[in-house]
1. Might you report the magnitude of the Cβ-based charge dipole of region 4-162 about its Cα centre, with Lys and Arg at +1 and Asp and Glu at -1, to the nearest 20 debye?
2. Accessible area of region 109-162 with a 1.4 Å probe: how many percent of it is carbon plus sulfur?
3. Report, to the nearest whole %, how much of the accessible area of region 181-226 belongs to carbon and sulfur atoms, 1.4 Å probe, protein only.
4. Could you grab the relative contact order for the chain? Cα pairs under 8 Å, six or more apart, rounded to a whole percent.
5. Considering only protein heavy atoms, what per residue accessible area in square angstrom results for region 181-226 with a 1.4 angstrom probe?
6. Considering the dipole of region 4-162 built from charges on the beta carbon (Lys and Arg +1, Asp and Glu -1) around the Cα centre, which of L54, Q82, P16 is farthest to its positive end?
7. How far apart, in nanometres, would the label points at F11 and K205 be if each is projected 7 angstrom from Cα along the Cα-to-Cβ direction?
8. Counting only heavy atoms of protein chains, what accessible area per residue, in Å², does region 4-162 have with a probe of 1.4 Å?
Amino acid sequence: MKYEKELKKAFSISIPVLMGYIVLGFAFGLLLTSFDYPWYLAPIMSIFIYAGALQFVAINFFNAKAGLIDIAIASWFINIRQSFYGLSLLKRFKNSGKLKPFLIFSLTDETYALLTTIKDDETLNKKYYYLFLGLLNQFYWIIGCTSGAVIGSYVDFNTAGLEFSLTALFVVLCIEQYKSLKNIYPFLIGAISSIFALIFIPSDKMLIVSIIIALIMMFFFRKRIEK
């Protein structure tokens, strides 16, 4: 295989995502079918939406029969953080050519965490390494969601608490980032901005406000962060 080295590297570093996505995707599939939606909605949403938090919220949209405008606004707020991810990877994706649209589409929280944590191997073809990483992570998600939905169609499960697997995955990725950076300041800034927004900002606006606060703090403390 021409790009076997890139594929092996992408698979090796995506194993934590594999374990998290299978569990979280399975939970989503179970939750979807617990509301009597057909199982095939799970792979369709996983292919075309591919957004964990938004897919969970979409179930509530379906149940509430929300309008398209309401769904669009809520989706924008939920996924606005992806814009900041993309901006920080413009240089990396600069020479990716026709692969760029998919690389942007596949830029989930976990994929972004891997790209910003693992140091690039200069012997790899970068654009295919990024491609395989994005494809593998989405494949894990599709498998998890579909298997959960299929099994949930035939077996009754108690789905309470399964959504916590997303939080657990974020914690693992955060620990890996700290081990790589060896700099506590970005994590302190993230914690402070999140706690402030959680206490003083309504829950529906907490995420975007915490991101803005974190960006402002990182600008003022950039010298300490860059050390």
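The values are calculated or read from the model by the stated rules, or taken from the named source; none is laboratory data. Because the structure is a prediction, the values reported are computed rather than measured. Don't worry about glycine lacking a Cβ; one is built from the backbone with ideal geometry, like all the others, and counts go over all protein chains shown. These accessible areas exclude ligands, DNA and RNA; they are computed on the full protein's heavy atoms, side chains included. Shrake-Rupley method; radii C 1.70, N 1.55, O 1.52, S 1.80 Å.
1. Numbers: 13 positive and 10 negative charges, 145 e Å.
In debye, rounded to 20, region 4-162 gives about 700.
2. Working: 1540 of 2560 Å².
Ligands and nucleic acids excluded, carbon and sulfur give 60 percent.
3. On the way: 2510 of 3370 Å².
That fraction is 75 percent.
4. Working: 214 pairs, mean separation 83.0, N = 227.
Relative contact order for the chain comes out at 37 percent.
5. On the way: 3370 Å² over 46 residues.
Here the per-residue accessible area is 73 Å².
6. Q82
7. The modelled label-to-label distance comes out at 4.8 nm.
8. Working: 8400 Å² over 159 residues.
Normalised by residue count, the accessible surface of region 4-162 is 53 Å².
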